[in-house]
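Take a look at the structure below.
The values are calculated or read from the model by the stated rules, or taken from the named source; none is laboratory data. None of the values given here were measured: they were computed from a predicted structure. Here the Cβ positions follow ideal geometry from the backbone for every residue, glycine too, while neighbour counts run over all protein chains shown.
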Amino acid sequence: MDDREIVALYMERCERAIRETQIKYGRYCHYIARQILDSEEDAEEIVNDTYLKTWNTIPPAQPESLKPYVGMISRQLAINEFERKQAKKRGGEVLLVLDELAACIPDRESTQIGESVALRDALNKFLMSLSGKTRNIFVRRYWYTSTLSEIAEEYAMKESTVGMILLRTRARLKKFLEKEGIDI
């Protein structure tokens, strides 16, 4: 079943939409949550919460592509859960990743919906301007929260090389967003 058909089921309020989402994107959502939370049990809970939030947001939302939509929901729910669990202690890869991006991207709590859309569009434009390898490294780090060693192993590079690519890319991102008029 393709995404348009699944979204149509959501629009009709047919519970089959959840089953079809689970079949098509359950493993994907689980991978995202597992990378952030490092817990099978928590990841499974986030995936179930993803289905509920998807059900509650479609309609009115009507995404053309369901994969990034449910991926974004899973990621945000997992980050929220991680932050809730880590409120009293700092540490872990997720906080490190969020800290790395803090100098480049506006605080998500302070941005309005219009600003969020502008930021999303600018990020997409920036990512499309990167070479395929740099874009993949950036996405692996900041979307999937992969460690530097995981990325280095996948691309047969040294961790220091991956770190330098990410440092330079974040600097380019900051300049790009400033040029686009997005306040940091």
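In the set (1) over 19 Å from the mean Cα position of the chain (by Cα); (2) over 19 Å from Gln76 (Cβ atoms); (3) not in a loop (DSSP other than H, G, I, E, B), the condition left unmet by Cys14 is number (3). The set of residues from the range 35-49 being under 16 Å from the mean Cα position of the chain (by Cα) and in a helix (DSSP H, G or I) comprises Gln35, Ile36, Leu37, Ala43, Ile46, Val47, Asp49. Find all pairs meeting these conditions: Cβ atoms under 7 angstrom apart; at least six residues apart or on different chains; first residue within the range 158-172 and exposed (fewer than 14 other Cβ atoms within 10 Å of the Cβ); second residue in a helix (DSSP H, G or I) and of a type outside the set (Phe, Trp, Tyr). What qualifies is Lys158/Ala152.
Glu64 meets the stated requirement of being assigned to a loop (DSSP other than H, G, I, E, B), closer than 23 Å to Arg27 by Cα, in the same structural domain as Thr21 (by TED's automatic domain parsing) and at pLDDT 80 or above.
Annotation: of all residues in the range 140-157 being loosely packed, with under 14 Cβ neighbours inside 10 Å and not charged (D, E, K, R), the one that is modelled with the highest pLDDT is Ala156.
To keep it simple, each residue is scored yes or no on (1) closer than 19 Å to Gln35 by Cα; (2) hydrophobic (A, V, I, L, M, F, W, C).
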{"residue": "Gly132", "(1), (2)": "no, no"}
{"residue": "Tyr142", "(1), (2)": "yes, no"}
{"residue": "Thr147", "(1), (2)": "yes, no"}
{"residue": "Ile151", "(1), (2)": "yes, yes"}
{"residue": "Lys158", "(1), (2)": "no, no"}
{"residue": "Leu177", "(1), (2)": "no, yes"}
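In the range 74-86, of all residues being more than 17 Å from Arg141 (Cβ to Cβ) and surrounded by 21 or more Cβ atoms within 10 Å (Cβ to Cβ), the one that is nearest to the chain's Cα centre (by Cα) corresponds to Ser74. Of all the residues in the range 4-56, those that are crowded, with 18+ Cβ neighbours inside 10 Å and either in contact with a strand residue (DSSP E or B) (Cβ under 7 Å, 6 or more places away or on another chain) or in contact (Cβ under 8 Å) with a residue 60 or more places away in the chain (or both) number 4. All of (1) more than 23 Å from Ser149 (Cα to Cα); (2) in a helix (DSSP H, G or I); (3) free of Cβ contacts under 8 Å to residues at least 12 places away in the same chain hold for Leu77 with one exception: (3).
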